[in-house]
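Since the structure comes first, as structure tokens, the remarks are kept for the end.
The values are calculated or read from the model by the stated rules, or taken from the named source; none is laboratory data. Here the structure is a predicted model, which means the values were calculated and not measured. Please note: Cβ atoms are built from the backbone with ideal geometry, for glycine as well, and neighbour counts cover all protein chains shown.
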Amino acid sequence: MNLDEPVIEINCLSLHVEAATILDHITLAIPRGAVVGLVGRNGAGKSTLLRCLVGLAEPSQGEARLLGCPSMDLSDAVRERLGYVAQTPDLFEWMEVFEHLRTIGQAYPRWTEERCLLLAVRMGLPIGRTVKNLSVGDQQKLAVVLALAHDPDLLLLDEPVSNLDPMTRAEFMRALFVDRSLGEEDGVPGGERTIIISSHLLTDLERVVSHVAFIRQGRLQLFEAWDAMLEHFRLISLPAVGLPASAIVCENPKAAQCVIDTRLAPHWVDAGRVLSLDELFVELNS
């Protein structure tokens, strides 16, 4: 794969179930090394989009490609470089935790027991218990360690920390960005891991993301570098006389305010105030 090509390419992807449209013509290109927060309300289509990306749901039209390979026909070489955490982990309940980790891990050439155990300790995962006796939070920890222990180049995470306490969430976020033990392999520089993480815990996301993708009712509302949003997006009060309509990102008539992109309205660069990710989410869904 050319290093300049996007790691993830989504082209006009739609998914219909009977009369319902779950995903609606999503087009998106995610660059190598990006950490993308996938944000939207419950039922917006985030989980379905991730399932389409890893080949677990077949789109009605369009396609997605991971590391240059079609999602519906992922090669073994691409699967070895992929980590995925589903919203509801699919685990072998009869196994002991470490047996589960080793059974799955040994299918991956880059898995090491040392890395696996280090992650388990950092996450506070009780490796001697049977999976069915784990709490919901510990099952989520197990799914996270399974996704990380083979040192993937691409991680797709669907609400991976929703059942974890704040300290464990912080440890998980650190684990995503620890120094990787790879050198150059398959033309991929070690350390350039690409991540998509869907979460409602926007304060956690805000600390780590490089980009944010907002989805509403199956459609991609907005995809932008988070630094650019912080620099250029402003929340201002209405009415805003002389503001170009093209500069309005979204409008909230009930609150008499709107979000503007000052790149399209340079004279308004000092107007209003910067938004947090939580606030921008609220404005886009008002």
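Check region 42-52 and report whether any residue there is over 23 Å from Tyr108 (Cβ atoms), over 13 Å from the mean Cα position of the chain (by Cα) and surrounded by fewer than 22 Cβ atoms within 10 Å (Cβ to Cβ). Yes - at least one qualifying residue is present in region 42-52. Within region 209-259, being assigned to a loop (DSSP other than H, G, I, E, B) and farther than 30 Å from Leu50 by Cα holds for Leu238, Pro239, Ala240, Val241, Gly242, Leu243, Pro244, Pro253, Lys254, Ala255, Ala256.
Residues are listed down the side, and each one gets a yes or a no for (1) in contact with a His (Cβ under 9 Å, 6 or more places away or on another chain); (2) in a strand (DSSP E or B); (3) aliphatic (A, V, I, L, M); (4) not assigned by TED's automatic domain parsing to the domain that holds Glu159:
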site	(1), (2), (3), (4)
Leu15	no, yes, yes, no
Ser47	no, no, no, no
Leu50	no, no, yes, no
Leu56	no, no, yes, no
Met72	no, no, yes, no
Phe92	yes, no, no, no
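Does Val97 qualify as being in the same structural domain as Arg207 (by TED's automatic domain parsing), closer than 19 Å to Ile196 by Cα and buried (at least 18 other Cβ atoms within 10 Å of the Cβ)? No: the conditions fail for Val97. Filtering region 36-55 to residues that are in contact with a helix residue (DSSP H, G or I) (Cβ under 6 Å, 6 or more places away or on another chain) and more than 14 Å from Phe214 (Cα to Cα) leaves Leu53, Gly55. A single entry from Asp270, Asp227, Asp204, Asp278 fulfils the requirement of being charged (D, E, K, R), crowded, with 19+ Cβ neighbours inside 10 Å and out of contact with any strand residue (DSSP E or B) (no Cβ under 6 Å at 6 or more places or on another chain): Asp204.
Annotation: Glu9 fulfils all but one of (1) surrounded by 16 or more Cβ atoms within 10 Å (Cβ to Cβ); (2) more than 15 Å from the chain's Cα centre (by Cα); the unmet one is (2).
Quick grid of which residues meet (1) closer than 12 Å to Arg81 by Cβ; (2) at pLDDT below 85:
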| position | (1), (2) |
| --- | --- |
| Val145 | no, no |
| Glu159 | no, no |
| Ser162 | no, yes |
| Phe172 | no, yes |
| Phe177 | no, yes |
| Glu184 | no, yes |
| Pro189 | no, yes |
| Glu192 | yes, yes |
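If you go through region 44-72 and keep only what is small (Gly, Ala, Ser) and free of Cβ contacts under 8 Å to residues at least 40 places away in the same chain, you end up with Gly55, Ser71. Among the residues of region 228-286, those identified as hydroxyl-bearing (Ser, Thr, Tyr) and within 21 Å of Val39 (Cβ to Cβ) are Ser276, Ser286.
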